[in-house]
Amino acid sequence: MNKLADEKSPYLKHAANQKINWLPWSEEAFELARREDKPVFLSTGAVWCHWCHVMAQESFEDDETARTMNELFINIKLDRDERPDIDRRYQQAVSAMGGGSGWPLSVFLTPDKEPFYGGTYFPPQQTQGRPAFKNVLTSVSEYYKTKKEDAQAYGARVWEALRTEAPAAGAVSESSIAEAELSMLSLFDQENGGFGASPKFPMPGALEFLIRRSTSGNDMAAGRAARKTLDAMARGGFYDQLGGGFHRYSTDAAWIIPHFEKMADDNAGLLKNYLDGYAVFGDERYREIAEGIIAYVMQTLSDPGGGFYASQDADVTPDDEGGYFTWTAEEFKNALTEEEYEALSAHLIGSAGAMHHDPSKKVLRLSMTHEEIAQKIGKSVDELGRIILRGKDKLLAERQKRQAPFIDRTLYTSLNGMMIAAFFHAFCVLGEDNARKFGVKSLDRIMTDRRLAGRLLHTEEVPALLDDYIHLIDALIAGYE
């Protein structure tokens, strides 16, 4: 029997109607596994996760797959946002096994919680080197039945390999900081900005570090890397050119096509980055992006009573990836006057940006500068700016008629601490008094709602984790200052 209907997590509730006998993470679930002498299948994911919804549609909502899972395993569903501590532990384990990392995480455990096999997304049929999920289920079950002691021994070795001693306490030297910078810059993408190849994540901590390094002495390399990355992210489809705010990551090296979920933690970190970029480099574009993030968060991820929501999904349906945010040529043209279309098509639509699953749909990204477009169509830059602003308002209004992706309205202490501190930073840098007021309101609410009998909570009924303490303390210090 599926036991998820009474859970608080939106992600778990989404699986409550599946025919799998899902249980939440609990000692009772592992006791049942011991009693029935079955391995445990643990699936961890999040409500914003595109591939989690794909695997649910392909496999977890398939009757035959559900029967196989119920017969062979005790099945546990975990929300990684609600229990990041458990998810992190098994992410490390599966990565150590060579199964990759990410979501959905699919890991098989002994009844003593030891992982002995795992991976991420498994398709319904074998494809691109990934085995079919049903074959994985039957093979793992047979292995556990015939070689249970080997599975237990392997799981114990995985845990032992992941145990690390805490580093000795001590001061951080200037040489170690300089070495960290050199290591970071060695991964810097000189052509596209950012670090490494695709998929490319924004890494707000690395950007904060480089911006700070650029202010200490004459560190030109750190400043160039930071500016190149800030510029490239803001130009691409990775940034929502109409509604503000950043998506989770770019599927390509040039920040053109994103995975479309929007996360509170990413946008909090990037808000600080663009505020710092504006403060240090004086670039008005960075101020505009920071204001765009604030506008998006206030519009979509803020609770009227104070506090910030966790995320917005990537999709309305798993088979139309990014459908809310992308445009066909006809949709784009029909929303605008001829004059607006001439300007906006040059501004936001280029040769790149077509979606892989439906090339007729494109991601909006900055293709030409105002100066280039003004010269092309014979307008002044000021007049062009007014046309573009008017056209973007029309496109946004048209987009808002579509069914919007789901918003996870859970108030996590850690994510709220990050966003509150970023909002206070916006007040310090930009004088945004509305950001200050809402930051104070949110801090008051979190301090009221997330403390219970002298204990801090991560979210309702879940005790606080280290991240919650760190980010709430940061928000309190920022609020006090």
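The values are calculated or read from the model by the stated rules, or taken from the named source; none is laboratory data. Predicted model, so just to flag it, every value in this text is computed and none were measured. Neighbour counts are summed over all protein chains in view; Cβ atoms, including those assigned to glycine, are modelled from backbone coordinates with ideal geometry. Accessible surface areas use protein heavy atoms only, side chains included; no ligands, DNA or RNA. Shrake-Rupley method; radii C 1.70, N 1.55, O 1.52, S 1.80 Å.
Numerical summary
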{"read-out": "Antiparallel content of DSSP bridges confined to the chain, in %, to 5", "value": "75 percent"}
{"read-out": "Region 369-408, dipole about Cα centre (Lys/Arg Cβ +1, Asp/Glu Cβ -1), debye to the nearest 20", "value": "240 debye"}
{"read-out": "Where His14, His458, His357, His53 fall by accessible area, highest first, once all protein chains stay in place (1.4 Å)", "value": "His14, His357, His53, His458"}
{"read-out": "Per-residue SASA entry for Lys394, accessible area with 1.4 Å probe, Å² rounded to 10", "value": "80 Å²"}
{"read-out": "Label-point gap, in nm, between Arg34 and Asn70 - each point 7 angstrom along Cα→Cβ", "value": "2.6 nm"}
{"read-out": "Rounded, prolate or oblate (a/c below 1.5 giving rounded, otherwise prolate when a/b exceeds b/c) for region 1-150 by Cα gyration tensor", "value": "rounded"}
{"read-out": "Assigned charges on the beta-carbon of Lys, Arg, Asp, Glu; the chain dipole about Cα centre (debye)", "value": "160 debye"}
{"read-out": "Amide H partners (placed H, <5 Å) of Tyr249, local residues excluded", "value": "His259"}
{"read-out": "Difference of contour (0.36 nm per residue) and Cα-Cα distance, Arg386 to Asp474", "value": "27.7 nm"}
{"read-out": "Ile177 accessible area, 1.4 Å probe, all protein chains in place, Å² to nearest 10", "value": "50 Å²"}
{"read-out": "Unit charges at the beta carbon, dipole of the chain: most positive-side option, Ile373, Met233, His347", "value": "Met233"}
{"read-out": "For the chain, cysteines whose Cβ has no other cysteine Cβ within reach (under 4.7 Å)", "value": "Cys428"}
{"read-out": "Cys428 accessible area, 1.4 Å probe, all protein chains in place, Å² to nearest 10", "value": "100 Å²"}
{"read-out": "The chain: angle of helix 63-72 to the longest principal axis, Cα-based, in degrees nearest 10", "value": "50 degrees"}
{"read-out": "Extended-chain gain in nm, criterion 0.36 nm per residue less alpha-carbon gap, Arg89 and Arg451", "value": "127.7 nm"}
{"read-out": "Ratio of Rg to Rh over region 339-447 (Cα coordinates, Kirkwood Rh, two decimals)", "value": "1.12"}
{"read-out": "DSSP-defined antiparallel bridges as percent of all bridges, region 1-117, nearest 5", "value": "45 percent"}
{"read-out": "Folded to 0 to 90 degrees: helix 174-186 orientation relative to the chain principal axis, Cα", "value": "80 degrees"}
{"read-out": "Cα-based Rg / Dmax (Å) for region 235-353", "value": "15.4, 44"}
{"read-out": "Cα gyration tensor shape for region 78-168, rounded if a/c is under 1.5, else prolate or oblate", "value": "oblate"}
{"read-out": "Magnitude of the charge dipole, region 1-104, Cβ model with Lys/Arg +1 and Asp/Glu -1, debye to 20", "value": "200 debye"}
{"read-out": "Positive-end residue of Tyr412, Gln400, Val429, charge dipole of region 387-456 with Cβ unit charges", "value": "Gln400"}
{"read-out": "C-alpha long axis of helix 413-430 to longest principal axis of the chain, angle in °", "value": "10 degrees"}
{"read-out": "The chain: calculated mean residue ellipticity at 222 nm from DSSP helix runs of at least 4, using -39500 (n - 2.57)", "value": "-16000 deg cm²/dmol"}
{"read-out": "Descending principal axes extents, the chain, alpha-carbon based, whole Å", "value": "76, 56, 45"}
{"read-out": "Under the Karplus curve 6.51 cos²θ - 1.76 cosθ + 1.60, θ = phi - 60°, whole-Hz ³J(HN,Hα) for region 143-156, x wherever Gly or Pro sits", "value": "4, 5, 5, 8, 9, 4, 5, 5, 4, 5, 5, 5, x, 5"}
{"read-out": "Hull volume in cubic angstrom per residue (convex hull over the Cα atoms of region 107-248)", "value": "200 Å³"}
{"read-out": "Integer Hz, Karplus 6.51/-1.76/1.60 couplings in order for region 339-355, x for Gly and Pro", "value": "5, 5, 5, 4, 6, 6, 5, 5, 6, 10, 10, x, 6, 8, x, 6, 6"}
{"read-out": "For region 184-304: rounded, prolate or oblate by the Cα gyration tensor [a/c cutoff 1.5]", "value": "oblate"}
